[in-house]
Amino acid sequence: MRIRSSLTATAVLGAVAVLTAGCLSDSGSGGGGGSNTSKSIEIMYGFTGQQSDDFIAVVKPWAEKNNIDLKFSPTANFNQLINTRVQGNQLPDVAVFPQPGVMRGIAKGGKLADLSDVLDLEDLKTNTVPGALEAGQGEDGTQYAVLISSNVKSGVYYPKQAGQAAGLTEPPKTMDELMQLTDKVAATGTTPWCFGIGAEAATGWPATDWVENLMVINYGTDVYNQWVNHEIPFNDPKVLDVLNQMEDLILADGHVNGGRAAAASNPFGTAGNVMFDNPPGCYMYRQGNFLTQPGFFPDDVVSNLDASVGVFPLPGKDASSKPVLGGGDMAGLFSADNKSAQKLLEYLTSTEFQDAAIAQSDSYMAPRTDADLNGYKSETSKAFATVQNEATEWVFDGSDQMPGEVGSGSFWREMTSWISGQEDAKTALDNIENSWPA
């Protein structure tokens, strides 16, 4: 999952700001229902703070150059507010969705435009990883949104110098090799894995990324999507096998720093910091590429990132398989007739925008595989982009596509109960299956 906007303290302020923006933009022809010649348009999105500042810094000069009056409407409470505005018919011209499920719900209501006549989908299919374009499609295959930023949740961090001394000179190329490396490190008396699922009200979500990674690694995109869409039960035997594999790999005695009880409460943002102790408290930590931003790893590590941190991808079942779990922000259009809004969407999906965003931001990752890898500000960011670009299959975060009762409810809770030892894996999966809304 992405770091949930609901955890941000600015959610209420964002709600007020966007509701106000919605009212102000509704001046007779405002929003997505505006004139097809309108050069005054609004883009609404769910990232705030530095990410929003960087986005504006790139897009505003382009809008001015193209004589487009562009209103930026960032909000930390995007999912709730976009639905409120859709219900009130106060539509932005372009919306940037953090989760496919929200986008698909609005598309079902007929509000989003079909992008097949707006964008060059063949170009996008050629220049994004397999599966990324499909993340923006409705259930009928219609293209309603396209990724304009991406992230990777399949990277494994390790401390460069200590890791090399422990045998991490050659990244494992298969899951069997990863298990062998895990056992090798454990045999030295040091726990191989860091792990923490603590996240206050969202405790449990980091475990969902592990489950989703192992689902696509073991069973591929088709079965993964069937599971995410509840075409097979949540407690299918394949999912139980995945939890058993996860237990053997990172939860077995001697495999996780502090033991599984500690993992159930360790804050996810700092659970990997003991990698940089002397001697290391663990050697590997699977987490998203966002962890390289300030506020997670120790300051001295962040300031010397490339010398301190190595990254390798979670491997596939065999060396030729390179599945990646990812996410990102996808842009959709509320009126295909608004030429200014259409032009903005063309720009956001172009290498011109994505190269500029790479150069501007420390945290941005381009979903286009033809974006300039050398533009990334660190070798670590470049390594994550390479993991994405070399993927043989790419799937969007599963919990972000599931009904809220499951994806940000029972899935989190039951993983916490299982990892903490309060219940076994089968009971946890059965409880999640029983929570799925009719």
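The values are calculated or read from the model by the stated rules, or taken from the named source; none is laboratory data. All values derive from a computational prediction rather than experimental measurement. Glycine gets a Cβ as well: all are built from the backbone with ideal geometry, and neighbour counts include every protein chain shown. With ligands, DNA and RNA removed, areas are computed over all heavy atoms of the protein, side chains included. Shrake-Rupley method; radii C 1.70, N 1.55, O 1.52, S 1.80 Å.
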Next item on the list: Compute the accessible area per residue over the stretch 307-429, keeping the other protein chains in place, probe 1.4 Å, unit Å².
Entry: 33
Check: Relative contact order for the stretch 168-233: what is it in percent, counting Cα pairs under 8 Å that are at least 6 residues apart?
Finding: 12
Check: Remind me, relative contact order of the chain in percent, using alpha carbon pairs under 8 angstrom and six or more residues apart?
Finding: 26
Check: Considering only protein heavy atoms, what is the solvent-accessible area of ARG260 at a probe of 1.4 Å, reported in Å² to the nearest 10?
Finding: 60
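Find out how many positive minus negative residues lie around ALA57, taking Lys and Arg as positive, Asp and Glu as negative, among other residues whose Cβ is under 13 Å from that of ALA57.
Details: positive: LYS60; negative: ASP53, ASP54, GLU64, ASP362.
Net of charged neighbours comes to -3.
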Note to self: Before I look further, what does the stretch 102-247 give for accessible area per residue, probe 1.4 Å, in whole square angstrom?
What the structure shows: 39
Next item on the list: Pull out a ≥ b ≥ c, the square roots of the eigenvalues of the alpha-carbon gyration tensor of the stretch 301-380, then state rounded if a/c is under 1.5, prolate if not and a/b is larger than b/c, and oblate in the remaining case.
Entry: oblate
Check: With all protein chains present, how much of the accessible area of the chain (probe radius 1.4 Å) comes from carbon and sulfur, to the nearest whole percent?
Finding: 47
Item checked: Loop sites in the stretch 147-254: GluC sites (Glu not before Pro), DSSP, at most 14 other Cβ within 10 Å -> GLU231
